[in-house]
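Reviewing the structure listed below.
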Amino acid sequence: MPLLLRRLARLTALVALLTGAASAQSARLAGTVTEADSARPLADVNVAVVGTALGAVTDAAGRFALDVPAGTHTLRASSVGFGDAEATVAVRVGETARVALTLVSTDADLGEVVVEGRSANLVGVATAASSGLVGQEQIAVRPLLRVGEVLETVPGAIVTQHSGSGKANQFFLRGFNLDHGTDFAASVDGVPMNLPTHAHGQGYLDLNFLIPELVETVAFEKGPQNAAAGDFATAGRAEIRLARRLDAGIAEAEAGSDNFVAAIVADSWRVGRGDVLVALRGQVTDGPWVQPENGTLASGVVKYSTGTARTGVEVTAMGYHNDWTATDQIARRAVPDRITRFGTLDPTNGGTTGRYTLAGTWRQSSATGRRTRATAYAAAYHLDLFSNFTYFLDDPDQGDQFEQADRRAYAGADVAHSWRMGGIGRASETTVGADVRHDQILGVGLFRTSERERIGTVRDDEVAQTRGGVYVSNETRWTDWLRTTLGLRGDVYSFDVTSDRDVNSGGETDVIASPKAGLVLGPWAETEVYLSAGLGFHSNDARGTVITVDPASGEAVDPVDPLVRTRGAELGLRTAAVDGLQSTVALWALELDSELVFVGDAGGTEPSDASRHVGVEWTNFYRATDWLQLALDVALTRSRYTEGEADGERIENSIGRVITGGIYAGRPEGWLASLQVRHLGPRPLVGDGSITADASTLVNAKLGRRVGPVALSLDVLNLLDSDAADVSYLYTSRLTGEPAAGVEDVHFHPVLPRSARLSAALRF
């Protein structure tokens, strides 16, 4: 026993000696992790010593402590819901170094971070290569022909027009001719803008009410891989957020070619514990058309907000009215013998529209990582649209003009709650959400008209349409280099149609489930790899789900499926390895059980056959210096019908090549110059590809100078005076004096000729 005790004493002394020696070489790192937006402490944040297995998790007060070898160490703080933060610290033997780390918050919906331009580093934040964020800085330096071109900040997206400026824009993305919306979803301050069962096309998306100066961010993603993405989000979606307050008031006047005049007045004030923002915009224009457009637009915003973007309340009211005379697409054979490129074959086309919305959003976040967001909205909308695409084919005497009328009120709400979970990976966040919307369509009709006077009714319906969706998603950071996202969404739709023909009245319901999954590997050297896939859907026009008789021909027809399955997958890479450069590459595929296509001679969208779109996108944004930025985005797409098309497999008006780029130079105070280039490749007008629309390239430029509170700028649009077409369609029409059967021809809408706009803005 004495021998055993002596040996135990020696062992204890040796352990103490070794422990003392180790302690003599050790040091301590201690600190806090806070949120950049609110400076509040963040709990459950993973703090790792890069290159080692050492790490800690912050407590409820955002504190952490680590025993480390003496020397220089890099700490990385990471948590789902925030972008990573790093700090390099040198610590000496026996000392404790204090470290303060700040995380920039991300948004539960689209991974949004607070950025300027497109320069935000989304490595460690984004869940896909094709998601991103654009700030006001990038929007402000771009010369804009139309306010809807705010969406051209989404790489690969194209915004054009085939009618007057009051009609919703024509959108193209990922090989889709999206017509006026269809498979691209957009919202503004939480209010969904796409209109289902619309008079002029499913998912009609009118963004003409936007005031670009108020757009704070455009958060975008492509494909249906996000569980929060519902109807119309197959090709992509964008969440547009308006500013909560302005750094200075704005008074701006703009005038230019073709009797274009616009004015903006906006300011914000501190009222009590919140801010009130008020903005008004007016615009009048005739355009280059032989028949003056007489376009008159007015839009306004009133927004009240309290707190911060993560904890606070926002109430937004928006109003918009537009009235115009339209020069629609024209038959190529009519130029130049009957009309010029800017002439019209029916001078009474045009329309009037308006939308009035009220929305409120409440957000709450806690130090433990719980976040809740609730949004409710209500809107009233009207449209009267007069078009004539076939001229005298159906009615040789009075012409083929028709009116599409829409009167509706819609309201809805959505809520999402996120919380962090312990015991799963190094950081894990789960989000559950639900949304509901009801459209009470008081009248959606198609009428035969002559000079805007009704001479007959094709159909006139009332529709009650309700949808509801729920979803759950989980994002887990398993290691420093592995993140996963799993999600499941379920949607239910109910349609009730009361038609002027009883045979076309009825009700229909449908449900659909959409699982999603994603994998992120990295970052290594500021580079990540993404793999994601998911099922999605788009809804069809409610009238088509119960129809039995074609109201125009009287022939029997089959109804369409209420909800159409879509599938998407993407493999991508994002890198910020080069200082100042954000670059992504994405290989993607989208399949639809039914493609929504625009029918030129009918003036609306119709369900077509199953399709597949595959492509590659390469996007680049380089902040070369504090005064020079460069952008280059390339999108190549192959789009084909996969079944049912006897006339060929090509999808009409699917753009296979889109190249956009820009040079942006200048500083907030001083000179500003930018050059924006947009190239569209040729696109088929028939299924066999034998007839195509020509490729086109447009160049826009901006030159400006700011001195103190005054800024002058000159936009030159279509700098090279291209005579390309914005849109082209092949169908049959009849001009006066032609055979009764009409003539098949290409019908086009020309790009606007070179024009200039001069603006003067006062910041006060």
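The values are calculated or read from the model by the stated rules, or taken from the named source; none is laboratory data. Being a predicted model, the structure only gives us computed values, none of them experimental. Because the Cβ atoms are built from the backbone with ideal geometry, glycine has one as well, and the counts that use them run over all protein chains shown.
Quick notes on this structure:
- In this entry, Gln225 passes the filter for residues that are surrounded by 24 or more Cβ atoms within 10 Å (Cβ to Cβ) and not assigned by TED's automatic domain parsing to the domain that holds Val458.
- Annotation note: of Leu571, Leu596, the sole residue that is at pLDDT 90 or above and aliphatic (A, V, I, L, M) is Leu571.
- Some residue of region 373-387 being part of a strand (DSSP E or B), out of contact with any Lys or Arg (no Cβ under 6 Å at 6 or more places or on another chain), surrounded by 20 or more Cβ atoms within 10 Å (Cβ to Cβ) and of a type in the set (Phe, Trp, Tyr): yes
- Test: residue in region 318-336 that is without any contact (Cβ under 8 Å) to a residue 12 or more places away in the chain and surrounded by fewer than 19 Cβ atoms within 10 Å (Cβ to Cβ): yes
- Filter pass, Val290 being without any contact (Cβ under 8 Å) to a residue 60 or more places away in the chain and either of a type outside the set (A, V, I, L, M, F, W, C) or not in a loop (DSSP other than H, G, I, E, B) (or both): no
- Candidate set: region 319-360, residues that are of a type in the set (Gly, Ala, Ser) and not in a loop (DSSP other than H, G, I, E, B); chosen: the one nearest to Gly742 (Cα to Cα): Ala331
- Failed item in (1) of a type outside the set (S, T, N, Q); (2) closer than 19 Å to Asp461 by Cβ; (3) free of Cβ contacts under 8 Å to residues at least 40 places away in the same chain, with Tyr356 passing the rest: (2)
- Residue in region 122-149 that is nearest to the chain's Cα centre (by Cα), counting only those that are part of a loop (DSSP other than H, G, I, E, B) and of a type in the set (Val, Ile, Thr): Thr127
- Selection within region 532-578 - within 28 Å of Glu475 (Cβ to Cβ) and surrounded by fewer than 16 Cβ atoms within 10 Å (Cβ to Cβ): Ala577, Val578
- Taken over region 193-213, the criterion of being farther than 21 Å from Glu462 by Cα and crowded, with 24+ Cβ neighbours inside 10 Å is satisfied by Asp206, Phe209, Leu210.
- Region 53-85, subset β-branched (Val, Ile, Thr) and within 40 Å of the chain's Cα centre (by Cα), residue modelled with the lowest pLDDT: Val80
- Residues of region 63-106 classified as within 12 Å of Val45 (Cβ to Cβ) and surrounded by fewer than 17 Cβ atoms within 10 Å (Cβ to Cβ), total: 2
- Positions within region 293-317 being hydroxyl-bearing (Ser, Thr, Tyr) and either under 30 Å from Gly351 (Cβ atoms) or in contact (Cβ under 8 Å) with a residue 40 or more places away in the chain (or both), in sequence order: Thr296, Ser299, Ser305, Thr308, Thr311, Thr316
- Residue, farthest from the chain's Cα centre (by Cα), within region 684-733, restricted to residues that are β-branched (Val, Ile, Thr) and closer than 30 Å to Glu643 by Cα: Thr732
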